[in-house]
Structures are given as C-alpha cells and as structure tokens.
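What follows is calculated from the coordinates using simple rules that are stated; it is not laboratory data. Bear in mind that the values here come from a model prediction, so they are computed numbers and not experimental data. Here Cβ is always computed from backbone atoms with ideal geometry, including for glycine, and neighbour counts include all displayed protein chains.
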C-alpha cells in the first residue's frame with residue numbers, strides 16, 4: 001500500500017515551470033516532512049517515490065530527501081542519481097523494491113503530475129494527503145480529478161501564511 005502527498009491550488013494546479021507556483025508555506029513544509037519521515041517503528045524508515053522532474057525540482061543541497069528512501073521514476077535508466085537513491089522505470093517496479101526491504105514502513109508518492117495520474121487509479125493506493133490552497137495560481141501542471149475515487153475523512157482548521165489560506169485534508173481511496 002502507498003499514500004499520496006500533494007499541495008494544490010483551487011484549480012488542482014501543482015506546479016509551474018517545474019517549481020511551486022506559490023510562496024513557501026513553512027507549516028506545509030513541516031507537515032510534509034513530519035508525515036514522510038515519522039514511523040511507528042523507530043528501526044524503520046519511510047519511502048518517497050517521485051518522478052524525474054520532481055527529483056530535479058528539489059534543490060541539490062536538499063536531495064536526496066533525508067531520513068527516507070528516495071526512489072526516482074525515469075525511463076532513462078542512466079539518469080545520474082546518488083548511490084543511496086533507487087531508480088525505477090515505472091510505479092510497479094518502484095513498489096517491488098519495497099517488498100524486498102523489511103526496514104521500510106510507509107510509502108509516499110510525492111509527484112509529479114504523470115505519476116499522480118498513475119497512482120490514483122492503482123490498486124495499492126490508500127490515502128491522499130492534500131494541502132488545499134484556497135486560491136488560484138498560474139500553473140502548468142495539475143493533480144488529476146480525484147473526487148470520484150476518494151472520500152474525505154479528515155480536515156484541519158484553516159491556516160494562513162504569507163497571505164495564503166489553506167488547510168490539510170485526508171482522503172481515503174474507495175475500495
């Protein structure tokens with residue numbers, strides 16, 4: 001099983017020119033970090049799976065994302081990645097790596113748009129953690145329509161940072 005983590009604006013936009021279209025939201029960054037790092041078993045760690053563009057959008061000094069197994073999806077099997085990062089050519093191959101390592105606890109799909117499209121319809125998709133930004137931004141990549149596949153199970157109070165209103169929502173994939 002795996003979960004999705006995404007922040008999107010009011011029209012489901014998630015990026016522009018391979019970066020976030022809104023200013024940095026420290027509370028959202030902390031939420032993402034806590035969610036993708038914390039485990040119930042201190043002897044285990046979590047996995048983050050991302051597409052090549054998402055990998056390349058992370059500033060080099062912050063990658064690989066620490067304290068997590070990083071898996072990058074790319075059709076280019078010679079994409080240069082650090083030794084500790086796994087390279088997979090599709091989502092199922094990435095998920096197959098997880099079963100081979102009993103030191104892994106949770107798996108999170110963290111983008112981008114093409115990977116999300118595959119993941120929301122995958123049989124092993126469980127939860128969607130969505131940072132819902134309550135205003136539009138100019139975007140060129142979008143999270144796929146998902147309302148027909150998920151049910152809202154939790155929602156935080158509204159937060160505001162830098163003039164941006166948002167909340168955290170959790171959805172459960174329908175069986």
Beta bridge orientation in the chain: antiparallel %, DSSP, nearest 5: 45
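Can you pull a Stokes-Einstein diffusion coefficient for the chain at 37 °C (0.692 mPa s), Rh from Kirkwood over Cα pairs, as a whole number of µm²/s?
198
In what order do 85, 6, 49 fall by count of nearby beta-carbon atoms within 10 Å, going from fewest to most? Present the calculation step by step, with values, prior to reporting the outcome.
Details: 85 16, 6 22, 49 26.
Listed from fewest to most nearby Cβ atoms, that is 85, 6, 49.
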Relative contact order (%) - criterion: Cα under 8 Å, at least six apart; region: segment 50-92: 37
On Cα atoms only, tilt of 26-37 relative to the major axis of the chain in degrees: 30
